[in-house]
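Okay, so here's the structure we're looking at.
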Amino acid sequence: MCCAGKNHMRRLVLQVLLVMVSAASLWGQAAPAEKQSAPAQQPTKQTKEAPNPRLDWWRQARFGMFIHWGLYAIPAGEWKGKPIAGIGEWIMNRAKIPVTEYEQLAKQFNPTKFNADQWVSIAKNAGMKYIVITSKHHDGFAMYGSKVSPYNVVDATPFHRDPMKELAAACKKAGIRLAFYYSQSQDWHEPDAIGNDWDFPDESKKDFSHYFEQKAKPQVKELLTNYGALGSIWSDTPRSISKQQSEELLAMVHQYQPTALVSGRVGNNAGDYETVGDNQVAVGPMKRDWEAISTTNDTWGYKKDDNNWKPTSVLIRQMAHAAGHNGNYLLNVGPTAEGVIPQPAVQALSEMGQWIKVNGNALYGTSGGPFNYDQSWGVISARPGKLYLHVFDWPQKELTLYGLKNKVQSAYLLAGNKKLKFNQSMDKNVDTNVLRVSLPAAAPDKNDSVVVLNIAGEPEVDTSLIQQPSGAVDLNAYLGNIHKADKDSTLRMDTRGVAEHWTNKEDWLDWNFKLVQPGTFDVVLVTSGQKNNHNWEGGHKVGIEVAGQKIAGTVNNDGEENDPVKPYWNYWNYVISKLGRVTIEKAGAYQLSLKPDSIVSEQKLGLTLVEVKLVPVQK
Ligand code: JFZ
């Protein structure tokens, strides 16, 4: 019993993890934590963004290719015979390579296998609608012909070609939008810019505005005026850039290219949309415009020893998850110094393209689904008159959805447009709508099979938190009612929708939920470490009260049952603590409260709650 229960619990947890996180574990070692450029996203916020016509194409597109390509592809993760830990494009910083030495790489840069049409066709066949490529990364080397600085691919390398010109032409032919990543704040080549403290340690000598006026702005102007219509300027790592400077950059982009976007990482909330942390996918509902960015292996810029390729199943589910949360998915490839996109990435992209050929309607131009939590079987994306149920875990015979109030007119599989029988009823015990769709035995797609519902009118759902069709109850932190002991309590939801800085034991959460299938449940607390497997605090004592029953336990990871459960990638580790068991005999509306008795917060992390989960005990 113990083991079956445990496996069941792990499977459920892994399902959650699979779609919500993945990890390029290495950036955390390489780069100091970046300040988020946007305010902490409150995932429960349901407000729609003000209309921004610049975003129209971008919302249609939903899926783009990120390309990190530069001089760092030559060392490819190794310097003077030693492997350098961290993401490939950070090698200059990680190995503290002096500018004069790093500059020598330019003389070797000769990507004779570079073929712009080929790259663009790889993106196009994957179903990607835009490409964002590094025109200048933090190393300061311009990957296009620049008059502003001779430190550029045309003037400083034997290649002498402008790959950005070639890509612009290839994209135009293929109907793909081109966008340029430009590192506006960090430039390790320049004494006045941010980031290089090994060649230029004296902070007091730095004049950021000199660099900003003399290099960053003129180079962005070149990009905006010499390469035709652009999708966006993708700025990054704002660091200490001033509000005025962020806004100037934004205004400049809009001035020269009124239809081009600026990414959220331009800083100071000035961007046109939000980018969440690398390799993070928010767990909460997002009604705002945002973009998830993900690596195909662990690095952004090419590293020869990085073979930790994400399975296609993870990439497809991350993309579906982003769409189901109203976001775009920008997936990275890191070409070699010869100009070749690594084969495993090409392979995964072509498999994504296969999925999109069949299921593209569930992706392009969709918005987030109507529920503010995910389903135990997957996620939902939407467009007027339609809901797309992305089924990651194919149930036996029947797919269940609680809480959809609209009349369903028809249901079918996107694969082959196969009609499906369905049935809608009311569950009187909990006063909620139940939809059951009959399914064929085999999933049409092992990663994500899409069931389409044609519905009458705008989607309308029961806004209460309802038990999952699997029988589990997911009380996500971001859906809890927060009770703060005093207004200075630091407890808040992070950008993922996870409670952080819960250090005051007088603060507590409760949830109201509807239980459709009563029974006996293991009460499990899912807590999260910080990025990259670092920093998790445990030992907190907590009490839970539900349906007149009280249990108490410790948040820990000692013992087998409580092993840290690793997400697919060890970016955020989860720790599962089983606190006890409750039996709830009747269906109906319930409240569960979580009150700490003590919190350990030596590192000021405290109780980092992902969710309280009630896991049905198999009879
Ligand atoms: C930045 C770069 O430093 C990195 O090299 C790469 O280009 C990546 C796409 O972006 O790294 C970041 C920026 C922001 C966060 C994390 C890594 N963040 O907000 O969590």
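The values are calculated or read from the model by the stated rules, or taken from the named source; none is laboratory data. The structure presented is a predicted model; accordingly, all values stated were derived computationally and were not measured. Heads up, the Cβs are rebuilt from the backbone with ideal geometry, glycines too, and the neighbour counts pull from every protein chain shown. When the accessible area is computed, the model is the full protein with side chains, heavy atoms only, and any ligands, DNA or RNA have been set aside. Shrake-Rupley method; radii C 1.70, N 1.55, O 1.52, S 1.80 Å.
General observations
- Relative contact order for segment 208-354, counting Cα pairs under 8 Å that sit 6 or more residues apart, in percent: 16 percent
- Between Lys619 and Lys550, the simple label model (points 7 Å from Cα in the Cβ direction) yields a spacing of 3.0 nm.
- Our helix-only sum for the chain, with -39,500 (n - 2.57) per DSSP H run of n ≥ 4 divided by its residues, gives a mean residue ellipticity at 222 nm of -5500 deg cm²/dmol.
- For segment 366-372, backbone phi angles converted through the Karplus equation (6.51, -1.76, 1.60; θ = phi - 60°) give residue-by-residue couplings of 7, 10, x, x, x, 8, 9 Hz, Gly and Pro being listed as x.
- For Asn328, the residues whose amide H sits under 5 Å from its own are Trp290, Glu291, Ala292, ignoring neighbours fewer than 5 places away on the same chain, with H placed 1.01 Å from N.
- Relative contact order for segment 341-449, counting Cα pairs under 8 Å that sit 6 or more residues apart, in percent: 21 percent
- Equivalent ellipsoid semi-axes, segment 369-463, via Cα gyration tensor eigenvalues times 5, rooted, Å: 20, 14, 13
- Theoretical gain in end-to-end length, Lys96 to Glu602 [0.36 nm per residue, Cα-Cα removed]: 178.9 nm
- For Arg383, the accessible surface of its heavy atoms amounts to roughly 70 Å² (probe 1.4 Å, protein chains only, rounded to the nearest 10).
- Extension gain for the segment Gln255 to Ala229, taken as residue separation times 0.36 nm less the Cα-Cα distance, is 8.1 nm to one decimal.
- Mean sequence separation of contacting Cα pairs (under 8 Å, at least six apart), scaled by the length of the chain, corresponds to a relative contact order of 15 percent.
- A simple rule links phi to the HN-Hα coupling: the Karplus curve 6.51 cos²θ - 1.76 cosθ + 1.60 with θ = phi - 60°, which for segment 374-389 gives 7, 9, 5, 8, x, 10, 10, 10, 8, 8, x, x, 9, 10, 10, 8 Hz, with x for Gly and Pro.
- Reduced Cα scattering model of segment 473-616, Debye log10 I(q)/I(0), q = 0.12 Å⁻¹: -0.45
- Within the shell defined by Cβ-Cβ distances under 10 Å, the residues around Val379 carry a net charge of -1, with Lys and Arg each +1 and Asp and Glu each -1.
- With all protein chains in place and ligands, DNA and RNA left out, the 1.4 Å accessible area ranks His160, His189 as His160, His189, largest first.
- Evaluated over the Cα positions of the chain, the convex hull gives a direction-averaged projected area, one quarter of its surface, of 27.6 nm².
- Three principal axis lengths of segment 137-177 [C-alpha, angstrom, descending]: 31, 22, 15
- The Asp488 and Lys147 beta-carbon pair, evaluated with R₀ = 60 Å, returns a calculated FRET efficiency of approximately 0.65.
- Area of Ser367 that stays accessible when all protein chains are in place (1.4 Å probe, Å², to 10): 40 Å²
- Note, ³J(HN,Hα) from phi for segment 185-199, Karplus 6.51, -1.76, 1.60, rounded to Hz, x at Gly and Pro: 10, 7, 8, 6, 8, 10, x, 9, 8, 8, x, 9, 9, 9, 7
- Close amide H pairs (under 5 Å, H built 1.01 Å from N) link Leu465 with Lys514, residues at least 5 positions away or on another chain.
- In the chain the longest region clear of GluC sites (Glu not before Pro) that are loop-assigned by DSSP and have at most 11 other C-beta atoms within 10 Å covers 1-584.
- Other-chain or far-sequence residues with amide H under 5 Å of Glu398's (modelled H): Leu439
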